[in-house]
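The values are calculated or read from the model by the stated rules, or taken from the named source; none is laboratory data. Not measured: the values here are computed from a predicted model. When we count neighbours, we look across all protein chains shown, and the Cβ atoms used for this are built from the backbone with ideal geometry, even at glycine.
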Amino acid sequence: MGQVFFRKLSRWQADGDREKLADLYVAAYEEPPGEEYRNRERFLARLAEDVQRQGFGMVAADDEEGDDDEPAGVTYGYPLHRDGSWWRGFVGVVPDAVEELTASGKAFVIAELMVLPEHRRRGIGGRLQELLLSASHAELAVILVDPANTVAQAALRAWGWDGLGELRPGTGDSVRHVLTRALPG
């Protein structure tokens with residue numbers, strides 16, 4: 001494996017590369033047979049909505065020896081809406097400090113962080129999230145993780161993330177673990 005290069009993508013680049021990003025999504029998550037198409041379509045719908053959000057940011061990692069059109073990993077996110085609507089479905093009470101940072105526009109969610117299996121354990125995921133968060137100007141980072149994804153949870157905790165609780169994002173959605181990380185303000 002060669003050297004990895006990181007680049008920021010604009011919302012227009014992200015929207016233009018949506019099919020490649022969906023391919024990356026399917027490959028990164030190795031869905032069970034029969035689920036790839038449905039989950040790919042859900043990812044595309046989420047991405048189409050997310051690129052329209054104010055403050056959207058995306059960072060891609062490209063392996064110099066890999067296919068130039070296929071990134072080794074990608075992360076993207078956006079500031080949480082100040083009205084606190086993102087926290088609907090939180091199990092329990094959202095801490096006051098988290099509500100205050102959200103209301104002041106200083107909370108940023110990583111909506112997606114994915115690295116192809118053959119590129120994992122090379123520091124790419126950590127570098128992706130650092131580059132995205134450093135450009136956010138937020139004081140609090142938030143991410144949702146599938147409770148069954150213990151590997152992702154362990155990596156995030158190693159990068160300084162702490163558990164906050166659980167959230168059910170929408171009707172019919174499964175519960176997700178909420179992790180947060182304080183950022184230098």
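Structure above, values below:
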quantity	calculated
Some residue of the stretch 166-180 being within 27 Å of G16 (Cα to Cα) and free of Cβ contacts under 8 Å to residues at least 40 places away in the same chain	no
Filter result (in a loop (DSSP other than H, G, I, E, B) and out of contact with any helix residue (DSSP H, G or I) (no Cβ under 8 Å at 6 or more places or on another chain)) within the stretch 2-30	G2, Q3, S10, D17
Residue among L179, L164, L132 that is at pLDDT 95 or above and closer than 20 Å to K8 by Cα	L132
Number of the exception - N149 against (1) in contact (Cβ under 8 Å) with a residue 24 or more places away in the chain; (2) closer than 23 Å to P71 by Cα	(1)
Residue in the stretch 93-116 that is farthest from L80 (Cα to Cα), counting only those that are surrounded by fewer than 16 Cβ atoms within 10 Å (Cβ to Cβ) and not small (G, A, S)	V93
All positions within the stretch 117-134 that are surrounded by 15 or more Cβ atoms within 10 Å (Cβ to Cβ) and part of a loop (DSSP other than H, G, I, E, B)	R120, R122
Positions within the stretch 39-53 being without any contact (Cβ under 8 Å) to a residue 40 or more places away in the chain and part of a loop (DSSP other than H, G, I, E, B), in sequence order	R53
Matching option when the condition is within 21 Å of the chain's Cα centre (by Cα), buried (at least 24 other Cβ atoms within 10 Å of the Cβ) and either modelled with pLDDT under 95 or not aromatic (F, W, Y) (or both), among P79, P71	P71
Qualifying positions in the stretch 73-101 - touching a Pro at 6+ places or on another chain (Cβ under 9 Å) and within 16 Å of A141 (Cα to Cα)	W86
Residue under evaluation V142, criteria (1) closer than 19 Å to D173 by Cα; (2) at pLDDT below 95, criterion not met	(2)
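Let's see how each residue does on (1) assigned to a helix (DSSP H, G or I); (2) farther than 14 Å from P79 by Cβ:
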{"position": "V98", "(1), (2)": "yes, no"}
{"position": "V109", "(1), (2)": "no, no"}
{"position": "H137", "(1), (2)": "no, no"}
{"position": "E166", "(1), (2)": "no, yes"}
{"position": "R181", "(1), (2)": "no, yes"}
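Condition check ((1) among the β-branched types (V, I, T); (2) touching a Phe, Trp or Tyr at 6+ places or on another chain (Cβ under 6 Å); (3) modelled with pLDDT under 90; (4) surrounded by 15 or more Cβ atoms within 10 Å (Cβ to Cβ)) across all residues:
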position: Q13; (1), (2), (3), (4): no, no, no, no
position: A22; (1), (2), (3), (4): no, yes, no, yes
position: E30; (1), (2), (3), (4): no, no, yes, no
position: R40; (1), (2), (3), (4): no, no, yes, yes
position: E49; (1), (2), (3), (4): no, no, no, no
